[in-house]
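Comments concern the structure below.
Every number in this text was worked out from the coordinates using simple rules, so none of it is lab data. Everything numeric here is computed off the predicted structure, so don't read it as measured data. Every residue, glycine among them, receives a Cβ derived from its backbone with ideal geometry; neighbour counts consider all protein chains shown.
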Amino acid sequence: MPLKILHVSYIYPPELKIADGITNVVYNVTKELARRGHQVTVFTSNLADLHTTTMLPTGHYIVNGVSVFYFRSLWRYKTFMFTPSIINGLRNLDNFDIIHIHDARSFQGICTYLLDKIKQVPYVFQPHGSFLSSIPEPYNLRMLKIYLDKLVSSKIVRNASKIIALSSFEANQYKHIGIPEEKIAIIPNGIDLSEYAELPPKGSFKKKFNIPEDRKIILYLGRIHKIKGVDFL
């Protein structure tokens, strides 16, 4: 049966060019859900992407069959976009069957949780490996996260109907803080196989860079950050 699903994310580009991991997941998951016949809506800020200050037009648009509402960002710090107009849209939360929150420390995620305390629509929380990260951060960013966690973000985690973890390691982190195992689902990030329908002949890469055919290669694709564990390769 088709569901009415609301995804809440701090950013959602009209087309996927340069994107962070969370944006990439939200973009492709919502597109696929819409393709499968679900009625998918996204509430997000109007920032074009994290690498620019360009703002998108606010309002309602259809992107790949997904109903996207862009709310004006009045202020930004890192991935925290202050979009107070989203509150009006969230007054109709009870129109949805399920809510999918992608960040417990975003203004969008926090507002959704607070209004959903009244509406009582079940929600899924997917932190994308960021909520329990132990990677050292600048003092001001660390203090902001501690403040938000004590105030509301930890409640978003504990009251979720389901938590999506990227790996067994992340799942065990949630078990360690008291989240019941039955509330945790391990779902690794997927890929769009259609993007790899046509591949170059095997061995093309080694030939291009004059690498001997019997030489083993370790390939890493992603941003350079301690949390990625590239140093272990």
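Looking only at region 97-117, count how many residues are part of a loop (DSSP other than H, G, I, E, B) and more than 19 Å from the chain's Cα centre (by Cα).
Counting residues in region 97-117 that are part of a loop (DSSP other than H, G, I, E, B) and more than 19 Å from the chain's Cα centre (by Cα) gives 1.
What residue, of 56, 90, is closer than 23 Å to residue 118 by Cα, over 17 Å from the mean Cα position of the chain (by Cα), touching a residue at least 40 places away in the same chain (Cβ under 8 Å) and surrounded by 14 or more Cβ atoms within 10 Å (Cβ to Cβ)?
Only one candidate passes the filter, namely 90.
Name the residues in region 161-190 that are among the acidic types (Asp, Glu) and surrounded by 15 or more Cβ atoms within 10 Å (Cβ to Cβ), would you?
Of the residues in region 161-190, the ones among the acidic types (Asp, Glu) are 170, 181-182.
170 - this is the single residue of region 161-190 that is among the acidic types (Asp, Glu) and surrounded by 15 or more Cβ atoms within 10 Å (Cβ to Cβ).
List the pairs whose first member sits in region 160-175 and is without any contact (Cβ under 8 Å) to a residue 60 or more places away in the chain, whose second member is assigned to a loop (DSSP other than H, G, I, E, B) and β-branched (Val, Ile, Thr), and whose Cβ atoms are under 8 Å apart, counting only residues at least 6 apart or on separate chains?
Close Cβ pairs (under 8 Å, with a partner that is assigned to a loop (DSSP other than H, G, I, E, B) and β-branched (Val, Ile, Thr)) amount to 163/179; 164/187; 165/187; 166/187.
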